[in-house]
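Trainee: Quick one: structure below, then a few questions.
Each reported figure results from applying straightforward, stated rules to the coordinates on display, with no laboratory input. Please read all numbers here as calculations on a predicted model, not as lab measurements. Methodologically, a virtual Cβ is constructed for each residue, glycine included, from the backbone with ideal geometry; neighbour enumeration extends over all protein chains shown.
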Amino acid sequence: MPKQVNGYLAADGTFFEHEPECTRYEFTKSLERLCETHELNFENFIQVLNTWHQQIKGYYNADEACQSKQTHDGPNLTPDFESAVGFLGEPTLLRTEGDRENIASGDKDAPGFLEQQIRRNI
């Protein structure tokens, strides 16, 4: 029997009773696509995001009140990952002051935390 409902549909057809949950779902899907594009492990990224949410929220709230939209010295040093693409669409690594040429231990090709899978014992 058909039932009349009020709610919100996400772009993929997922139904939500409340708009904030629908909006969060849409942004979560957007972040998941960005993680896939940049070869980051989505679960690890969300874990870091949730763990650091107060600091991240504080940063963005403080940034909203600033006249200048950067927190680093010098010209825009914030990495622009959407434009940091080299020849043939290969992502390029942006060098920072702390980069070291030769590291005595560790594999330079080993995946970083955001690229690794999390093991869970369920």
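Trainee: Please list, by residue number, everything in segment 1-19 whose backbone N is under 13 Å from a paramagnetic label point 7 Å out along Cα→Cβ of residue 32.
Mentor: 10-15
Trainee: So if each residue of separation counts as 0.36 nm, and I subtract the Cα-Cα distance between residue 51 and residue 5, what length gain in nm does that give? Please list the in-between numbers first.
Mentor: Numbers: separation 46, 0.36 × 46 = 16.56 nm, distance 3.55 nm.
Value of the extension gain: 13.0 nm.
Trainee: Which order do peptides 54-66, 1-13, 28-40 fall in by mean Cβ count within 10 Å, highest first?
Mentor: Most protected by this proxy first, the peptides run 28-40, 54-66, 1-13.
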